[in-house]
Amino acid sequence: MNMKKITQRLLELVWRLDLIAKIVNFLVRQGVFLKSVPKGTVKKSNAVSPKKWPLQLKGWPPNKLLGAIAIVIAGLPALHAQSQISGMVNSETGQPLSFANVLLLSAADSSLVKGQVSGEDGVYRLKEVPPGRYLLMASMVGFLQCYTKPFLLKEREQMDAGTITLKEDVYGLKAVEVVAQKPLFEQKIDRMVVNVEGSITAAGATALEVLERSPGVVVDRQNNDISLAGKDGVVVMMNGKINRMPIAAVVQLLQGLPSGNIEKIELITTPPANFDAEGNAGFINIVMKQSNDKGVNGALTLSGGFGKGSVASAGGNFNYRNNKINLYGDYSFSRDAQQQVFSAARQVPLNGETIGTDTRSVRDPIQRNHNARIGLDWQLNAKTIIGVLLSGYDNRWSMDALNRSSITRNAQPDTLLSIAADEINHWKHFGGNLNVQHTLSKGETLAFNADYLHYDNANPTNYLNTYADGSGSLLFDEQTFSGKVTPIEIGVGAVDYTKTFSENISMEAGLKGTLSRFDNDVTVSRVENSAWVNDKSLTAEYKLEENIAAAYTSFNLKLDDKSGLKLGLRYEYTNSNLGTVEQPDIVDRHYGNLFPSVFLSRAFNDNNSANISYSRRITRPTFNDMAPFVIFLDPYTFFSGNAALQPSIANSVKVDYRFKTAMFSIQYTREDSAIARFQARVIEGSNQQLIAAENMKNRNTAAFTVAFPIQVAKWWKMQNNIIGTWQEVNTYFNGEPVQLQARSFRATWINSFSLPRDFSAELVGFYRSKGLAGTSVALPMGAVNIGLQKVLPGNAGILRFGVDDLFNSLKFRGENNLPEYNLVSQFDLDFSQRTFKLAYSRNFGNKELKGARKRATGSEEERARVD
């Protein structure tokens, strides 16, 4: 079934729910329905609908209705005039207070007339108020009540009551402590939230390990790749800022990021228009801890463990708030030295013979990471906030490996190969952000972001290859070196405007520009006659320049108390040029794309709600995937870039339904020119295997998700997440069309136990069945983790003990089985072993609650494409 038919049927479902009728009724109430359409400009259509549509509009055919709705959006600010009182609730620092209670009282006896809660921007509106004398009272937890002076409201008057300023209740909260435990996984209508902070089994783990256990997320450690809901092209964000760096470096960063500094992880599969269009699979947003308390406060975490090697991490964060100043920061350190064992085998027919290659690699890697961040927010006045954020890291991965390969000819030993390799992959990063946010008027804000990002990557590798014949007699030794030095610079500027016209209508609009500069200095050399000689065919310095300009707008419409609609449109124009001094313009592309998005939601009652969404996304080739380079696994297997890669475009439709606490979701995505990373091809007429990113013709993915909790007993909570995926890949081998299909599922099972004496425990397991990874097949895998927690008396902290991969079953296995294209191989990758971990965490400082400003930066969508 193609995208057009699926979209049509989903829209018919929406019509049956009468949601479109509510849109029309809403527009009629605004008094602007069809006013912006000149008379006679629309002709009656003879189009025939597959079924009778429940709504016809003055001769308008159904296939023209959505166009009419888009046209009249510009006239939505013409609101019906009613008697009302409006205003804003602020703190003493001028910060708007969300969800403050605002009561309208009679001036005669202080009896309650009406009540309202302020919005996220602090604005409230009391409608249909009869004339009379009144006063207002505002209150909020953590603040003192505030009363206004009595005032007179006239008939049909729209009164601006101004700003109510609440003073902080310094003493009121000291005797009150509220403790709540969030579930590890929370399924929301537009995203899955992984609450890392409260998880016992996540203690002492890394961000990458937490992601591996999350529903729908697949981490490919061999190829340093991450997929979501069966789709590649994931964009990883940290606190809303994209890590615009090679995905391999992102994986390395997450591997060294302790979970103790993470509050939650958000899995967003259908991003709105204010997100960059980059990323066909969606976004993974990792939210770091930041205290909202006044004064000086923070937290410290320590963890250590062992398996086949040691793991250790430490981290801390602090927050200082006083009047108009908020200073915050965090630091983390990690070291992971777990042994890894890889094995691979392949067969290639060559000149009438079958050449077999079997390889076993024992690796001793050390991952050492330093990450730091410090920021300052300053409230200049009641309407303006300025913020500065500095961040950086120094992440070093080093490895000593011994690889042994056996090459057979017609199943008889031919060559024995031993490879001693040492590799370093060292990433350094510094970034700065300047943010200015100004409130123009009630419900109207303007934000400016300027970002500078700098990265340095050094990746040298030395190889000593020892060749022997089939009987083990030494033939010769060979020394080889490959390396690359990659500096990257990125500048980002963004302006975002938001406007709230009423409780029912709001809009967002923005402009953004990104400038990227990338150098890739690649060197491959060998020892010849006792001297190092560069391989000129593989040695070069590549330069890439890429500029992206973007503009977007979106409208949020509250159709009634139970229905909402969000319409968005984004345009991006890209210039991309890759070349060398000797060969300029290897890639020279200039293209623009429109990216629409639609989100429609309906709450039928307290127990039932649904939404439908459509979005269009793009995945551009990463810098390293395009830039030619060579990394050897052995003399016959190597990674390379692909300058011919094209961008891929994805169209996605998703339907969500909630029944009480259970969530059901269906999503269908079609990706044209889908990019599959690390695809293996055998070079014709040889035993050499090339691994590189490639464009497939298309990839179609359908996913069904079920998430539901079970309260087994008062002390036992269970969360279950099941994702079923169907995927079809259409591609080419040697110019011939090839189609592959697979069905797979992934189940995640989380059990939380409340035990006596402040003890608690967790049991977490997941299983993933066989599925596609490009043209390769990923074989089944799973793991079980357990943890025990003790809250120490006297606020002395929390102690956690856990066992990761209890049954030592977390192994990545895969295969290629296309003998007609000389592609038959198997691999088995063991990246981690059963590991015992002990972790300690403790909070410190003042606990008087005060809301902290939540903001994003201009480079939120920039940090994942450095590669």
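Under 5 Å from the amide H of residue 811 lie the amide H atoms of 782, each residue being 5 or more positions distant or on a separate chain, with H modelled from the backbone and absent for Pro and chain starts.
Give the accessible surface of the range 557-668 per residue, rounded to a whole number of Å², with probe radius 1.4 Å and ligands, DNA and RNA excluded. Mind dumping the intermediate values first?
Details: 4490 Å² over 112 residues.
Value returned for the range 557-668: 40 Å² of accessible area per residue.
Here the spin labels are modelled as points 7 Å beyond Cα on the Cα-Cβ line, and at residue 711 and residue 441 they lie 4.9 nm apart. Remark: spin-label model distance residue 828-residue 738 equals 2.4 nm, labels positioned 7 Å along the Cα→Cβ axis. Using C-alpha pairs under 8 Å with a sequence gap of at least 6, the mean separation divided by the residue count of the range 702-811 gives a relative contact order of 17 percent.
The apolar share of the surface of the range 695-746, taken as the fraction of accessible area on carbon and sulfur atoms (1.4 Å probe, ligands and nucleic acids excluded), comes to 59 percent. The fraction of accessible area contributed by carbon and sulfur in the range 777-852 is 61 percent, rounded to a whole number (1.4 Å probe; ligands and nucleic acids excluded).
Where does the range 530-620 land on Rg(C-alpha)/(2.2 N^0.38 Å)? Don't skip to the answer; put the middle values down first.
Details: Rg = 23.8 Å, N = 91, 2.2 N^0.38 = 12.2 Å.
After normalising by residue count via 2.2 N^0.38 Å, the value is 1.95.
Solvent exposure of residue 160, expressed as accessible area, is near 100 Å², computed with a probe of 1.4 Å over the protein chains only.
At full extension, residue 485 and residue 466 could sit 4.1 nm farther apart than now, given 0.36 nm per residue minus the alpha carbon distance. Values of log10 I(q)/I(0) for the range 442-509 across q = 0.12 Å⁻¹ run -0.64, by the Debye formula with one identical scatterer at each alpha carbon and no solvent. Got a sec? Which residues in the range 124-158 would a label at residue 106 touch, if it sits 7 Å along Cα→Cβ and we count backbone N under 14 Å? Within reach of a label on residue 106, which here means backbone N under 14 Å from a point 7 Å along Cα→Cβ, the range 124-158 contributes 130-135. For the range 753-817, what does the alpha-carbon gyration tensor say about shape, rounded, prolate or oblate, given a ≥ b ≥ c as the root eigenvalues, a/c under 1.5 as rounded, and a/b over b/c as prolate? Verdict is prolate for the range 753-817.
Of the trypsin sites (Lys or Arg not before Pro) found in the range 314-347, those that fall in a DSSP loop while having at most 16 other beta-carbon atoms within 10 Å are 324. Net length available on complete extension from residue 160 to residue 515 is 123.4 nm, with 0.36 nm assigned per residue and the Cα-Cα distance removed. When only alpha carbons are used to place a centre, the range 682-703 and the range 507-542 end up 23 Å from one another.
How long are the semi-axes of the equivalent ellipsoid of the range 654-795, taking √(5λ) for every eigenvalue λ of the Cα gyration tensor, in whole Å from largest down?
Values: eigenvalues 359, 83, 24 Å².
So the equivalent ellipsoid measures 42, 20, 11 Å along its semi-axes.
Spin-label model, residue 770 to residue 360: label points 7 Å out along the Cα-to-beta-carbon direction sit 2.6 nm apart. A Förster radius of 35 Å combined with the Cβ-Cβ distance from residue 530 to residue 410 puts the calculated FRET efficiency at roughly 0.40.
Give the carbon-plus-sulfur fraction of the accessible surface of the range 407-565 in %, rounded to a whole number; probe 1.4 Å, heavy atoms of protein chains only.
Numbers: 4010 of 7210 Å².
Carbon plus sulfur share of accessible area: 56 percent.
Surface analysis of the range 306-438 yields an accessible area of 45 Å² per residue, using protein heavy atoms and a 1.4 Å probe.
Per residue, the convex hull spanned by the alpha carbons of the range 537-689 comes to 152 Å³. Close amide H contacts of residue 535 (hydrogens built in the peptide plane, cut-off under 5 Å, sequence separation of 5 or more or a different chain): 524, 525, 526. If you filter the range 289-390 for chymotrypsin sites (Phe, Trp or Tyr not before Pro), then keep DSSP loop positions with at most 16 other Cβ within 10 Å, what is left? Answer in residue order: no site qualifies.
The values are calculated or read from the model by the stated rules, or taken from the named source; none is laboratory data. Everything numeric in this text was worked out from a predicted model, so none of it was measured. Heads up, the Cβs are rebuilt from the backbone with ideal geometry, glycines too, and the neighbour counts pull from every protein chain shown. The protein model used for the area step is the full one, side chains on, heavy atoms only, and it has no ligands, DNA or RNA in it. Shrake-Rupley method; radii C 1.70, N 1.55, O 1.52, S 1.80 Å.
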